[in-house]
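J.: Sharing a structure with you now.
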Amino acid sequence: MRKRMTAGFMGILMILMTVFTCFVPGMQVQAAGKTLIVHYGGRADDNYEGWNLWLWEEGKDGQQVDFTDTDDYGQVAVYQTNRTPASIGFIVRLNQWEDKDIADDRFVTMDGDTVEIWLTSGEAEYATQAPDGAATYDLQALEEARLHVYEEADAAKLNIHYYNFAQSYSKDTIEAYAWAGTEVGGSYPYVETDDYGAVFHVGLKPEDGVTTAGFKIIENGDADAAAEYEADLTRATDQTLDVYVVEGNPTFWYDKSEAVFEPVIATAAFKDTTSKEIVLTVSKPLQSDAADAFEVTDDEGNAYPVAQVEIVNDKEITLIMEEELALSKAYSVNRQGYEGCSVSMDKIIGSTYFDEELAYDGDDLGAVYTKEKTTFRIWAPTAVEVSLNLYEQGDGDNLMETIPMTADVKGTWVCEKTGDLNGVYYTYSVKIGNKVNEVVDLYARSAGVNGNRGEILDLEATNPDGFDADVRPAFSNATDAVIYELHIRDLSSDASSGIQNTGKFLGLTERGTKNSEGLATGIDHILDLGVTHVQILPSYDYATVDETKLDTAQFNWGYDPKNYNIPEGSYSTDPYHGEVRVNEMKQMIQTLHENGIRVNMDVVYNHTYNLADSWFQKTVPDYYYRKNGDNYSNGSGCGNETASERAMMRKYIVDSVVYWATEYHVDGFRFDLMGVHDLDTMKAVREALDQVDPSIMVYGEGWTGGESALPAAQQATKNHIYQLDRVGAFSDDIRDGIKGNVFDSLDKGFVSGKEGMEESIKFGVVAATPHPQVMISKNDKKSTNWSGQPGQSINYISCHDNLTFWDKLAISNADDSEADRVKMNKLGSAIILTSQGVPFMQAGEEMLRSKPNEKSESGFDENSYCSPDATNSIKWDNKGNVIDTYEYYKGLIAFRKAHSALRMTTATDIQNTLTFMSGLDANVVAYTIKGEEQGETAQNIAVIYNGNPDAVTVNLPAGTWDICVNGEKAGCESLGTAEGSVTVEGISAMVLVQGDDTLGKASAKDEQADTTVENAQQAKGGISTPVAILATILVIAVIVAVVLIRRKK
């Protein structure tokens, strides 16, 4: 997807990159829209070939903008928009994402009509005033050149004829604004008057395939009509097209004789607070406020009396009806002497009033299938007509039938089709005003290739054998989880995986797979590691992999939602037949369940990949998205944000997670940018899933990706998590405390040598819950105790975002040896897996996973959302090289699972049983846990973290202690004992237990071979113990023989 931003990153950037720009002296201010001028220079190789801008307006999709001019500074790109975005984001990239000048997204605050910036290659910050030796761009010359396009022989010539009722025209107050296709365009003065009115000459050079031109009339700085006009350029004669406009009329004409000079009611819309008031705009001021001059009727011809007319200004009027009008009907307004129009619900959409009147609470939205018939119901309260389209296939020209649907209760439309429709594809045609949108059912259960048509399914027939008997693996408390975050494709895309179903759901069903050294890969590796939950990166149907071109190398994380209730087609073996993806995803979950592993799903309800073309927007325009005034809010950092607080968006989210939990047996949900959602929605999610199974996990990112239109007090952000029951949030506190700030690759943390991080680690140890021995004022982030229960703190070091843990250490600690960095990695894992809360790890972290990128200055990829398999894949052949680290993680997980005192469920328990030691050296954290009260097999547990490069001695409470974890090994067997005090190696952890009768002793351990390590040694060409002994004897014999021979000589 376009770069997806975490909330922390976006927040920092919006602070650091917000700039104040100035008007360029002497520049002609545009009458509408804004202009961004970007200078790009300073490349060391002085080679700018192929470099371009990827640019997006707040609330809009991204687009390529080329550098089209040069100056003494470097390259120049000019971007003009007829909108008024508050900010514009941009990336300087090479061709189609071959490289980026810098990795981060950057943003320009558009607080002037024209904003100009200067970029220096490789530098994040940019200048807003011309640096020494640079000059501002001559935009006026560009504007003048545009005005002369009309004179060029190959130009498309658009003559706009404009009539106003006063028949008075001034170049100071009237201009046209025009553009070709989706281009930005510009303003044009009128050049003459004729017997019709003012005439504007617009010259355009449309790109190949562009057949339309947009235009509007600007009078006194405001658009003359409520709508923008779109002219069909194919109607031109000799490249010239004449169009005729009448003041305030949203219609235009190609034939002057057809023009209607009668004034019109241009727009009519309900107020946002009541359906009793209708706000009108008229093209000509009223001469009377008589109520009986107006007529309001519904689509069946019933009339509704107007009680009062309020004239707001010359062209705005409010009608006050005698009674509230039902919003499930369509209305029109007429007046004597004025052409009428339909009443829009644009302003009332999304309001509390709208939800109260039209929110539908039934459970039959979508296609409800039986073998005898299928019933269809869609919620489209603003539509004037809806039809059902039935197709033979998921793509192509194979329409079978179109069936009109009937308006029903609460803004829904219904129809019924008899017969067995299993495997038939369908869409809806939703007519809103005069525009018809063909949409995929928001509640569709599967789809054809690329998700452009829904599929009617007999869901029971998609179940794998035995799926009805599938049960969730035993699981009680969130703190019992060990979560393993995995991308479907990463697991199998490296050739060393040994997995046949590369990049498919079925890759997670293959048992017995091994790398070239004979070590377990895939699901066998995960099972052996001991995690309890696999969290799958987005596996619903997303937009950024073309399912018709799966033979072409493609990769995406999947944070680009298209169809929320449908599995991703590229992960199936056949994306053309929708039932296949459903069956294969179920097979994956079933196999994981059979092996004792639960499945959590990464869900991204906070935004859609595309706003204008999303099924949400095409079904009920502007209902499902938040806006700030006329602009779409961008709390996701991805161009839009959904409005979870609205009844039908909240219902959709709740219905969706319940569907995945019941139909697919999904065991948990990780909410992307959960802070974009409101608290009440997350409460509703938790309550609904409790009805399915209370053990289903719910957690998410407790932040936003940018400034949201949702009031801060309502956001489900980390600092509000305590208000929720059994909903967790990721702890960036423990993450950054361990390894340093993720947005500063050079910053270090506790394990990598940063001083003064003890309180940050302690804060994480107690799962961000209140504890009398944790001093918040000394926490590196100054975080408050945001977690109400330990199960609400998701503790992690790395995930798909940012650098991997190993890559972060490689950059921040480049001068340290690899051996020391391995120690840092082990220490970090020990902190995560012995802290209270819920441990979480990125797949491959246990094998020192790296994401190499030779085009990056650092050599690593910190944002691999669309990087190739070579970067993202798990390199299974590296497992043997790092088997010691793998075994360490495995041992820590086993120890955690064996000791319930590490998995406490209440903040009170932590306060009563966990005590931090005092009198420690700097950069050391140590604590004890009383186990007797926790159903713990050990009487006491002691945990020590040493962030120093040198060993430290720590005094222990009285008695004999068994060491289960040290810097080298971890597990449930004694590695030795300590009494009085213990020495802890530099950059390492130590975990000791006291009075645990279940502990395996050292003698037993010595007798038991570590088969995984031995297999790894053998696979790497090493020799087993018996062979080694024999070889040693032979060598000694040879030496003795040689000595004896020499003596004889």
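Each reported figure results from applying straightforward, stated rules to the coordinates on display, with no laboratory input. Since we're looking at a predicted model, the values are computed, not measured. Because the Cβ atoms are built from the backbone with ideal geometry, glycine has one as well, and the counts that use them run over all protein chains shown.
J.: How large is the translational diffusion coefficient of the range 913-1001 in µm² per second when you combine the Kirkwood radius over alpha carbon pairs with Stokes-Einstein at 20 °C and 1.002 mPa s?
T.: It diffuses with D of about 165 µm²/s by this estimate.
J.: For the range 208-356, what does the alpha-carbon gyration tensor say about shape, rounded, prolate or oblate, given a ≥ b ≥ c as the root eigenvalues, a/c under 1.5 as rounded, and a/b over b/c as prolate?
T.: prolate
J.: Taking 0.36 nm per residue of separation and subtracting the Cα-Cα distance, what length does fully extending Asp132 through Asp208 add?
T.: Value of the extension gain: 23.3 nm.
J.: Just how many % of Cα pairs in the range 135-225 lie over 23 Å apart, if you round to the nearest whole percent?
T.: 26
J.: First check a/c for the range 604-735, with a ≥ b ≥ c the square roots of the eigenvalues of its C-alpha gyration tensor; if it is under 1.5, answer rounded, and if not, answer prolate when a/b is larger than b/c or oblate otherwise.
T.: oblate
J.: Could you work out the percent of alpha carbon pairs in the range 265-348 separated by over 20 Å, rounded to a whole number?
T.: Beyond 20 Å sits 20 percent of the P(r) for the range 265-348.
J.: To continue, here is another question. Does the range 394-547 come out rounded, prolate or oblate by the C-alpha gyration tensor, with a ≥ b ≥ c the root eigenvalues, rounded set by a/c under 1.5 and, if not, prolate when a/b is larger than b/c and oblate if not?
T.: prolate
J.: I've got another one for you. So how tilted is helix 7-16 from the main axis of the chain? Cα-based, degrees 0 to 90, rounded to 10.
T.: Around 60 degrees separate the two axes.
J.: Once you have the alpha carbon radius of gyration of the range 34-137, what is it after dividing by 2.2 N^0.38 Å, with N set to its residue count?
T.: Ratio of Cα Rg to 2.2 N^0.38 Å: 0.99.
J.: Still on this structure, I have one more. Could you work out how far apart the two model spin labels at Leu527 and Glu401 are, taking each label as a point 7 Å from the Cα in the direction of the beta carbon, and quote it in nm?
T.: Placing both labels 7 Å along Cα→Cβ, they lie 4.8 nm apart.
J.: With 24 Å as the limit, write out which pairs from Lys34/Lys618; Lys754/Lys778; Lys276/Lys315; Lys562/Lys651 have Cα-Cα distances beyond it, or answer none.
T.: From the list (Lys34/Lys618; Lys754/Lys778; Lys276/Lys315; Lys562/Lys651), the Cα-Cα distance tops 24 Å for Lys34/Lys618.
J.: Also: Bin all alpha-carbon pair distances of the range 665-704 at 5 Å intervals from 0 and give each bin's fraction as a whole percent.
T.: Going from the shortest bin to the longest, the percentages are 7, 24, 32, 23, 13, 2.
J.: How far, in nm, would the chain grow between His148 and Glu416 when pulled straight, counting 0.36 nm per residue and subtracting the alpha carbon separation?
T.: Roughly 90.6 nm would be gained on extension.
J.: Taking the Cα atoms of the range 815-860 alone, what are Rg (to one decimal) and Dmax (as a whole number) in Å?
T.: Spelled out, the Cα radius of gyration and Dmax of the range 815-860 are 13.2, 40 Å.
J.: Let me ask you something else. Any idea what % of Cα-Cα pairs in the chain are farther than 59 Å?
T.: 20
J.: Equivalent-ellipsoid semi-axes (√(5λ), Cα gyration tensor) for the range 232-311, whole Å, largest first?
T.: For the range 232-311, the semi-axes come out at 34, 14, 12 Å.
J.: Over all distinct alpha-carbon pairs, what is the Kirkwood Rh of the range 361-462 in angstrom?
T.: Taking every pair of different Cα atoms in the range 361-462, averaging 1/r and inverting gives 13.6 Å.
J.: If the convex hull of the alpha-carbon atoms of the range 525-619 is projected onto planes in all directions, what is the mean projected area in square nanometres?
T.: 7.2
J.: Here is a follow-up. Given the Cα-Cα distance of Asp921 and Ala359 and 0.36 nm per residue of separation, how much length would full extension add, in nm?
T.: Length difference between fully extended and current span is 196.2 nm.
J.: Sort Val580, Val742, Val210 so that the residue with the fewest other Cβ atoms within 10 Å of its own Cβ comes first and the one with the most comes last.
T.: Listed from fewest to most nearby Cβ atoms, that is Val210, Val580, Val742.
J.: With labels modelled as points extended 7 Å from the Cα through the Cβ direction, what inter-label distance (nm, one decimal) is found for Glu49 paired with Glu324?
T.: 6.8
J.: Ok, one more. Just list whichever of Lys205/Lys347; Lys271/Lys410; Lys205/Lys435; Lys329/Lys373 have alpha carbons separated by over 25 Å in the model shown.
T.: Over 25 Å Cα-Cα: Lys205/Lys347; Lys205/Lys435; Lys329/Lys373.
J.: Another question, then. Set the Förster distance to 22 Å, then compute FRET efficiency between Gln167 and Val191 from the Cβ-Cβ distance, nearest 0.05.
T.: Efficiency at R0 = 22 Å is approximately 0.80.
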